Structures are given as C-alpha cells and as structure tokens.
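K.L.:
Can you read through this structure? Questions will come right after.
The values are calculated or read from the model by the stated rules, or taken from the named source; none is laboratory data. Treat the numbers as computed from the prediction; the structure is a model and nothing was measured. No Cβ is skipped: glycine too gets one built from the backbone with ideal geometry, and neighbour counts run over all protein chains shown. Surface accessibility is based on the protein's heavy atoms, side chains included, excluding ligands, DNA and RNA. Shrake-Rupley method; radii C 1.70, N 1.55, O 1.52, S 1.80 Å.
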Amino acid sequence: MKAIQITEETGPDSALALVELPEPDASHPFTPGAGVLVEVHCAGVSFPELLQTRGLYQMKPPLPFVPGSEVGGVVISAPEGASVKAGDRVAAFCALGGFAETAVAPEFFTFALSPKLDFAQGAGLILNYHTAYFALAMRGRVKAGESVLVHGAAGGVGTASLQVAKGLGARTIALVSSEEKRAVAERAGADETVLLGDAWKDEVLERSSGGVDAVLDPVGGDRFTDSLRCLREDGRLIVVGFTGGSIPEVRVNRLLLRNTEVVGAGWGAYVMGKPELNREIGAAVNRMVDEGHVAPIVGERFPMERAADALKLLDERRATGKVVLDVRAG
Ligand SMILES: NC(=O)c1ccc[n+]([C@@H]2O[C@H](COP(=O)([O-])OP(=O)(O)OC[C@H]3O[C@@H](n4cnc5c(N)ncnc54)[C@H](OP(=O)(O)O)[C@@H]3O)[C@@H](O)[C@H]2O)c1
C-alpha cells in the first residue's frame, strides 16, 4: 500500500516521504491482537501530525513511522463483537498510521459514519468533535441556554466546538483573526463573530450582556487573562490547547474574586482506557449529526503526496476547517 512516513524530525518541508509498505495486520497497539482494518478514503490532518514532524508531540514512535490520527473509510474486517462490520462506512481514530491506504483502529475508536456525511467529513469527526463534546459537555458542564466564547473558531477544534455547543443548546460567540476566518465560523453556525483586535474583550462582553458562561480555548497565549475577564459568575474557562505557542499562567485571585474556574480538557489520555466513555461520546456526536447540528467543515484537500503542503497550512495559520488528504485520489 501507499503511505506517508515521517522519516526525520526536521519539520513539514523535509520530514515526509511517500513510500510503499506491506498491508498492516488487524492488530492495534491499544488492543494488541485485535483491530478494525479500514480501507482509507480520507485522512484528517491535525496539529499532532505537524508537531510530530518536529519531534514535539508527546507520542514519539521510533522513526520512520506513518502518522495520521484519524480517517474516514470502509471497514475491511472487524474483530468479533465489534459494533461495525466489513463494508460499513466509518469514522475511525487510529492515533497513528492514518496517512495510508489501509489503517488499523481499535474497535472502541471506530464509529458508524452517518449517510449525511462524506468520507472527508468522517476524517474530521473524531479528534475535533469528540474533543469538543468532552471539553464542553463533560469538563465544562455547558448546558442549554448558556453562552460560549470559542477561540480559534475557524480551526478544526474551533468549528467543531461551535457546532457541538449548538447541539448542547448553547449560544456561541466565535473569535477569529481574519474576515476569511469569520466567514468559516459563520458557516459553522456561530451566532456571533468577533474579530481579534485590541477591543475583542469589550466586544465579547457587550455581545454577551456582561459575560459568557464558558470559554473554549485551543489557543492559549496572552489572550488568556482577557478570556477570564469575559466570564460571568460561575463561568468556566476550558483549556484545550496552545496553538498560540505560549502556555498562560493564572493569577488565582482572579478566580476567587469572580467565582470562576479554569478547567483542563485533555481528551486523548482521558478516554484511552475507557471504551464505554468513547461509545457514549460517539453516540452523542452521531445524535448531533442526525439532528443537523454537526457537519464537519472541510477546508483544503490534498492528494497524499502533498501531505507536506497540508501540514504547512496548519503551521502557517492558514488552515480553515478540517484539512484532509484524499488518500485514493492519485
Ligand atoms: N485537549 C485535547 O484533547 C485536544 C484535542 C485535539 C486538539 N487539541 C489541540 O487544540 C489545538 C487546536 O487544534 P486545531 O486542530 O483546531 O488547529 P487549527 O485548525 O490549526 O486551528 C488553530 C487556531 O489557532 C489560532 N492560532 C492562534 N495563534 C496561532 C499560531 N501561532 N499558529 C497557528 N494557529 C494559531 C488560529 O485561529 P485565529 O487565526 O483565528 O486566531 C487557528 O485557526 C492544538 O493545540 C491541538 O493540539 C487538543
């Protein structure tokens, strides 16, 4: 099969190679001896893959390895007792190995793909939407009638969070850095959009009549303190990532004075050993697909041999929606 390998940790320009590899066995490292074999149609391109090209991600397999955390495709074979079977269209989280014509995923990370969604949308369904549901509903306790500010709202996690928040019955304010990204956030269903600039905090406070109930933050950096200032009483700032580069620090007196919380939401490590929790999140996300709240926004698509260009979009802050490799395009 054709696959993309990371051969050295020198960044997206030089780290990747298109190679021919044997088909994988139906065994996944998380479920040794068992796994769902998937004929990959589309592979999602995400921040972890970018970090892996520089050796900066927490998961560091020995070189060379095939990156690619999630795919949309068709089941070739599934272990006994699995909820999917050969021929089913699925969204699958494989952690590694997705940038290939065939990938292997654990059974508890493989979900039936709604006929409403195509394979590219399936390749953007798990990492971002499961994270968004975990962060908003489970960690941030967002309820119907609440308001949510979403940072990086035109990105993968951002667009997913806008849609999942709507699925939970919340009102959303999207913060974005350009007009182009504003249009993407609107397409994702944002109720309000605010352009990043000197006065963004004041604008958020005005549009939320004094403060939001939750902030979903995949960006971090120096906007963190103003995010805290955007919270109303009992508000929660949900920490999801640090695309802005720096890890913010909190002066905890702010939390005491305003009766607010900072909540961490690290999806992968938390759900890893919990098959039932994954099924619960998968069912909730699929319900939101059926209800019409969730439909991943697919951004640029690349053939597999242009994986480096796909990763550079993320690196250069130019990605909107989910960036996808069309694995069978060539
Ligand atoms: N906690 C978890 O379980 C979990 C799960 C999945 C992903 N994540 C993390 O969430 C973060 C977002 O992932 P994503 O897939 O949504 O990424 P993405 O699609 O590239 O979007 C990230 C957004 O961050 C903003 N940003 C601000 N400064 C940036 C910079 N210097 N470089 C790049 N982007 C910058 C950009 O929005 P503006 O230009 O509008 O500011 C961009 O749209 C990553 O750190 C990822 O590792 C965490």
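K.L.:
Which condition does M272 not pass, out of (1) away from the ligand (no atom under 15 Å from the Cβ); (2) open to solvent by 50 Å² or more (accessible area, probe 1.4 Å), if it passes all the others?
P.N.:
Unmet for M272, out of (1) away from the ligand (no atom under 15 Å from the Cβ); (2) open to solvent by 50 Å² or more (accessible area, probe 1.4 Å): (1).
K.L.:
Restricting attention to segment 252-273, which residues are touching a helix residue (DSSP H, G or I) at 6+ places or on another chain (Cβ under 8 Å), outside any helix (DSSP H, G or I) and either more than 18 Å from V215 (Cβ to Cβ) or not small (G, A, S) (or both)?
P.N.:
If the condition is that a residue be touching a helix residue (DSSP H, G or I) at 6+ places or on another chain (Cβ under 8 Å), outside any helix (DSSP H, G or I) and either more than 18 Å from V215 (Cβ to Cβ) or not small (G, A, S) (or both), then T260, E261, V262, V263 are the ones that fit.
K.L.:
How many residues does segment 90-110 hold that are over 20 Å from the mean Cα position of the chain (by Cα) and open to solvent by 20 Å² or more (accessible area, probe 1.4 Å)?
P.N.:
Selection size over segment 90-110: 1.
K.L.:
Also, I was wondering about something else. Go through segment 139-167 and give me each residue that's in a helix (DSSP H, G or I) and either within 14 Å of the ligand (Cβ to nearest atom) or within 17 Å of S209 (Cβ to Cβ) (or both).
P.N.:
Once the filter is applied, which keeps residues that are in a helix (DSSP H, G or I) and either within 14 Å of the ligand (Cβ to nearest atom) or within 17 Å of S209 (Cβ to Cβ) (or both), segment 139-167 yields R139, G156, V157, G158, T159, A160, S161, L162, Q163, V164.
K.L.:
Can you tell me how many residues within segment 158-170 are touching a Gly at 6+ places or on another chain (Cβ under 7 Å) and among the aliphatic types (A, V, I, L, M)?
P.N.:
Of the residues in segment 158-170, 1 are touching a Gly at 6+ places or on another chain (Cβ under 7 Å) and among the aliphatic types (A, V, I, L, M).
K.L.:
So for segment 90-103 (the condition being more than 18 Å from A43 (Cβ to Cβ), of a type outside the set (V, I, T) and touching a residue at least 24 places away in the same chain (Cβ under 8 Å)), does at least one residue qualify?
P.N.:
no
K.L.:
Is it the case that G87 is open to solvent by less than 10 Å² (accessible area, probe 1.4 Å) and part of a loop (DSSP other than H, G, I, E, B)?
P.N.:
Answer is no for this residue.
K.L.:
In addition: Cβ contacts < 6 Å: first residue within 28 Å of G189 (Cβ to Cβ), restricted to segment 294-314; second residue at pLDDT below 95 and away from the ligand (no atom under 12 Å from the Cβ), any location; separation 6+ or different chain. Result?
P.N.:
none
K.L.:
I need a count of the residues in segment 115-127 that are open to solvent by 10 Å² or more (accessible area, probe 1.4 Å) and touching a residue at least 40 places away in the same chain (Cβ under 8 Å).
P.N.:
Here the count works out to 5.
K.L.:
Taking the criterion of being within 16 Å of the ligand (Cβ to nearest atom) and open to solvent by 50 Å² or more (accessible area, probe 1.4 Å), would at least one residue in segment 220-237 satisfy it?
P.N.:
yes
K.L.:
Now, a different point. Here's a check for you: in segment 276-330, which residue that is within 16 Å of the ligand (Cβ to nearest atom) and of a type in the set (S, T, N, Q) is nearest to A92 (Cα to Cα)?
P.N.:
N278
K.L.:
Next up: What about G155, is it touching a strand residue (DSSP E or B) at 6+ places or on another chain (Cβ under 8 Å), of a type outside the set (D, E) and under 28 Å from F65 (Cα atoms)? Spell out the reasoning first.
P.N.:
Details: touching a strand residue (DSSP E or B) at 6+ places or on another chain (Cβ under 8 Å): no; of a type outside the set (D, E): yes; under 28 Å from F65 (Cα atoms): yes.
No, not satisfied.
K.L.:
Ok, one more. I'd like the residue in segment 190-206 that is under 24 Å from G156 (Cα atoms) and among the aliphatic types (A, V, I, L, M) and, out of all such residues, is surrounded by the most Cβ atoms within 10 Å (Cβ to Cβ).
P.N.:
Going through the qualifying residues, I end up with A190.
K.L.:
Would you be able to say whether some residue in segment 168-180 is part of a helix (DSSP H, G or I), near the ligand (Cβ under 10 Å from one of its atoms), over 29 Å from A269 (Cα atoms) and not aromatic (F, W, Y)?
P.N.:
The answer is yes; a qualifying residue exists.
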